[in-house]
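Remarks on the structure that follows.
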Amino acid sequence: MDYNFKDIEKKWQDIWDKNKTFAASDDYSKPKYYALVEFPYPSGQGLHIGHPRPYTAMDIVSRKKRLQGYNVLFPMGWDAFGLPTENFAIKNKVHPALITEKNIERFKGQLKMLGLSFDWDREVNTTDPDYFKWTQWIFIQMFKKGLAYKSEMAVNWCTSCKVVLANEEVVGGVCERCGGEVVHKVKSQWMLKITEYAQRLIDDLSEVNYLDKIKTTQKNWIGRSEGAEVDFTTSEGDILTVYTTRPDTLFGATYMVISPEHPILKKWESKLKNNDAIFEYQEKSARKSDFERTEMAKEKTGVKLDGVYAINPVNNREIPIFISDYVLMGYGTGAIMAVPAHDTRDYDFAKVFDLPIIEVVKGGDVTKEAFTDCATGIMTNSGFLDGLSVEDAKVKIKDWLEETGKGKKKVNYKLRDWVFSRQRYWGEPIPIVHCDKCGYVPIPESELPLTLPEVESYMPTDNGESPLSTLDSFINTTCPKCGGPAKRETDTMPQWAGSSWYFLRYCDPHNDKELASKEALNYWMPVDWYNGGMEHTTLHLLYSRFWHKFLYDLGAVTTKEPYMRRTSHGMILGEDGQKMSKSRGNVINPDDVVNEYGADSLRLYEMFVGDFEKTAPWSTKSIKGCKRFLDRVWALQDMLIDGDDYRDELKASFHKTVKKVSEDIENLKFNTAIAALMSLINEIYATKQINKAELKTFITLLNPFAPHITEEIYENVGFGGMLNEQNWPEYDETLCVDDTIEIVAQINGKVKAKLVVSVDESKDDVIAKVKSEPRIQNAISGKNIIKEIYVPGKLVNIVVK
RNA sequence: GCGGAUGUGGCGGAAUUGGCAGACGCGCUAGACUUAGGAUCUAGUGGGGUAACUCGUGAGUGUUCAAGUCACUUCAUCCGCACCA
């Protein structure tokens, strides 16, 4: 009987579907396990060969947990708002909802074809009004708490997508999605105050089990720094406040630099003697795109403000003020004190403009380069700070600043507030109206969801407004507060909105009273294990933690953090080691692979290919090896003999394998779990037989990885019931050790012989045996034995001279 | 520049607290069975050497009875951030 994977896989997928085998139960008395994968964007291309990697991994975890008696929630859904769908709609004049529906159907079919044990009764779709009703509801709550606000500001504008981008969406100065040029544009935008949560987003990382690199990336992105604000008085009597992490170097501040956009420039206009040059410089930096600005990062440019100066508060020296685009308006105060001796950028600038460089920390050579080392330097030329270490000087100067009222301690973050408006059609409408009398007013919650109107064209307008702005019937409304005429907000939310809380909806997906019931959230949350891409560490992961914390403050959820554990998978590359892309012609289609080798082989291959966290190139040859392994598993049926316990010669191997597979799944080491099963089958083949107890354990261990073939064998053999209803095998630690062990005999650390001894043999006996080995005798004869090292169960090392 | 990784056979990759380097798979070689083999089974497979032996985890130094693993130095590659004061 051949292994006919096509029929077998179809058969079991239908059975699982019909029986709702993997539906999470609402019986809250059972122990729960919530396993989560990132829901995909249902693109027109269909499933990528990389998708099954994380999905299979968490499917394995879910299937194992079910066998271990947990009530498992392993849901799936669609993050379906987004630009590609909208662009397709524009091009082909079809409603994005129709395209989305079609794409979802295709994706769903492909996921089912892989035998993933999702609970399809809990499917969510971010574009479903019953879903985004609650996305809008959360936004309104944020608005009410002052965390959503509208602000006139310079934003990143993609000239190709004609849409505002969040800072996180600008990569290398260009649009993350289309690679188009990104320029600055001043627009009125909805913003979310994620900065208010910056500290908590750092602090609470200590309560969760994320991979260290994920925690590090999040911390770096939030970018906390400790320093001080220092007030400089100017010749005009204004206070110019700077932020610095090196207040200890205040005596070395020989000039100041403010951002070209700094508002104080307007105020000083009448005092300044070189307004033309200043204006020209401002114009030039405003025109620069982010890309150009980073390109130019090497050469320092700027203009000295002629007519005003500042006074260094620590020594009352008069120092010049410059504008330069290396000072950013968006960080700190938009103004800096420049200490060229101890800051590389200030040093470069000082060299260009021939400004004095005063050493205030000894330890380097400031005639050659800036000395920035904080750990070893000693203060000098710094009045009351002289002789102190940098660390001590920081403390002392901060105290001095606070005592004299010339400054204060200050913590700063690189994280900025989240630009939340998009000038697009295919997104959640922002549920706010603007009334001339009442300002911005949220629409009543009873009117949610605020759905998208039908429009003629999905094309964003050239002046940067949303397609919704052309629709008078949508825009014109009445103010919920005063009843007067009002206009609706025409911007929509970014794609990150719907994915910031979807894991909560899975807990109670059909609830029309609240985003999910308290009972459901109490039982299911937090997510026990969330796996997703590294590329979402600074976007989705941070955003969703922020929303969750907000909902926690609101009392809508009961846990501070949404995810207890976060891991990350590596990408699947093309066979040539390059990223898969149509243009390279190295794309592998999952449909073809499943058709040729079967879903079980594909699942096995993607788990076996290498370290789960690392990228791995696709290899058609390797998947054949996995198929071959399954063929061998299938053939075990022909070797079947009776027996209700493991045979003695395989007992230890079985216990060891159960232990290894159980542990490896928990530790994200699917590749070695499969290797252990391969080793075991090799041992079984050597005996040419397998008994029923052994077969049952073997296919149960393999079931999470290859669910179809194992279920089929289970049925064929007639064990009774279904494999997915059985128990995960147990192991006995004491039975994991063999009766005899191989001991390595070394001379001076080099292996000379190997011998088999029984486990309970004493140290002296083992050493005596080692010494009686001919090769050892050879090596020690005529030499002095200096030392004998005995590592129980491992080796004996004899040191001779 | 800063931050995070990674470096092991022909290839993908294994290796608790330092304790047999190369598990498992691919590929390759030989044999068996076959009309056939791009199927299957069995055996072999890091380099050098007939052999005893010896050399081997990017490079170098050190610690140790013992180092892929620890320390220091260095090189290369990848990823993220990038004038964050």
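Annotations
- Looking only at segment A:502-535, and only at residues there that are open to solvent by 10 Å² or more (accessible area, probe 1.4 Å) and closer than 16 Å to residue A:561 by Cβ, the one that is farthest from RNA strand B (Cβ to nearest atom): A:522
- For segment A:215-232, filtered to residues that are among the small types (Gly, Ala, Ser) and surrounded by fewer than 18 Cβ atoms within 10 Å (Cβ to Cβ), the residue that is nearest to residue A:404 (Cα to Cα) is A:225.
- Single condition residue A:127 does not satisfy, out of (1) in a helix (DSSP H, G or I); (2) open to solvent by 10 Å² or more (accessible area, probe 1.4 Å): (1)
- Residues in segment A:717-752 that are in contact with a strand residue (DSSP E or B) (Cβ under 9 Å, 6 or more places away or on another chain) and either over 25 Å from residue A:798 (Cβ atoms) or surrounded by 15 or more Cβ atoms within 10 Å (Cβ to Cβ) (or both): A:717, A:739, A:741, A:743, A:744, A:745, A:746, A:747, A:752.
- Remark: residue A:188 matches the filter, which requires a residue to be open to solvent by 30 Å² or more (accessible area, probe 1.4 Å) and assigned to a strand (DSSP E or B).
- Which numbered condition residue A:668 misses (of (1) part of a helix (DSSP H, G or I); (2) within 16 Å of RNA strand B (Cβ to nearest atom)): (1)
- Residue in segment A:494-501 that is open to solvent by less than 60 Å² (accessible area, probe 1.4 Å), free of Cβ contacts under 8 Å to residues at least 40 places away in the same chain and either touching a Pro at 6+ places or on another chain (Cβ under 7 Å) or under 30 Å from residue A:565 (Cβ atoms) (or both) present: no
- Pick from segment A:417-441, criterion charged (D, E, K, R) and in contact with a Pro (Cβ under 7 Å, 6 or more places away or on another chain), ranking: surrounded by the most Cβ atoms within 10 Å (Cβ to Cβ): A:422
- Looking only at residues of segment A:672-692 that are over 17 Å from residue A:635 (Cβ atoms) and buried (at least 17 other Cβ atoms within 10 Å of the Cβ), we find that the one that is farthest from RNA strand B (Cβ to nearest atom) is A:673.
- Remark: pairs (first residue in segment A:596-619, closer than 18 Å to residue A:48 by Cβ and open to solvent by 20 Å² or more (accessible area, probe 1.4 Å); second residue within 9 Å of RNA strand B (Cβ to nearest atom) and hydroxyl-bearing (Ser, Thr, Tyr); Cβ separation under 8 Å; 6+ apart in sequence or on different chains) = A:597/A:605; A:609/A:619; A:609/A:622.
- Single residue of A:725, A:712, A:694, A:683 found to be under 36 Å from the mean Cα position of the chain (by Cα) and charged (D, E, K, R): A:725
- Out of A:449, A:444, A:453, A:485, one residue alone is touching a residue at least 12 places away in the same chain (Cβ under 8 Å) and surrounded by 15 or more Cβ atoms within 10 Å (Cβ to Cβ). It is A:449.
The values are calculated or read from the model by the stated rules, or taken from the named source; none is laboratory data. Remember, predicted model here, so these are calculated numbers, not experimental data. Cβ: placed from backbone, ideal geometry, glycine included. Neighbour counts: every protein chain shown. Accessible surface is based on the protein model in full, side chains and every heavy atom, while ligands, DNA and RNA are left aside. Shrake-Rupley method; radii C 1.70, N 1.55, O 1.52, S 1.80 Å.
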